[in-house]
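Worksheet for the structure shown next.
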Amino acid sequence: MTTELMILGWTLVLALVQIMATGAFRNKETGMEYNMSARDKPAPPPGVVTARLQRAQANLFETLPLFAAAVLIAHVGGREGDLTLWGAWMYLIARVVYVPLYAAGIPVVRSMVWSVSLVGLGMVLAAILMP
């Protein structure tokens, strides 16, 4: 298994961690009884941190399919190299750093970290598309 595929695997672990963290925060707000019910009645609005975690999760899910496809295309196409390796690491590390920054409500730095993740994704794409 290549390092890029391993990084993709760890990115999926991050996605699961985000799902579980968001669920745990939401569970504290609504209680187990509501969460185990049919949820016929609307839940109260999420708290500030829970809403931030939900948005951070949704943000990951916007780019994760692109990242996964890019890593898989690079692997199948034999295009892996320094560009895909560094790009994949940049994507994963930035996505990990992004979650606590978003949860804490830190503005500008959070956006800069998000940009780093996109640069990493762009590097993997560049490796695929360059002749």
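Numbers for the structure displayed
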read-out	value
Filter pass, L101 being surrounded by 15 or more Cβ atoms within 10 Å (Cβ to Cβ) and farther than 30 Å from L129 by Cα	yes
Residue count, the range 1-42 (criterion: in contact with a Gly (Cβ under 9 Å, 6 or more places away or on another chain), closer than 30 Å to L125 by Cβ and surrounded by 15 or more Cβ atoms within 10 Å (Cβ to Cβ))	1
Residue count, the range 66-120 (criterion: of a type in the set (A, V, I, L, M) and farther than 21 Å from I19 by Cβ)	16
Meets criteria (surrounded by 18 or more Cβ atoms within 10 Å (Cβ to Cβ), among the aliphatic types (A, V, I, L, M) and touching a residue at least 12 places away in the same chain (Cβ under 8 Å)) for A88	yes
Any hit, the range 53-68, residues being hydrophobic (A, V, I, L, M, F, W, C) and either touching a Cys at 6+ places or on another chain (Cβ under 6 Å) or outside any helix (DSSP H, G or I) (or both)	no
The one condition in (1) part of a helix (DSSP H, G or I); (2) of a type outside the set (D, E); (3) over 17 Å from T50 (Cα atoms) that P100 fails to fulfil	(3)
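We did not get these values from a lab; they are worked out from the coordinates using the rules stated. What you see is a predicted model; the values in this text were computed from it and never measured. Note that each Cβ is placed from the backbone with ideal geometry, even for glycine, and that neighbours are counted across all protein chains shown.
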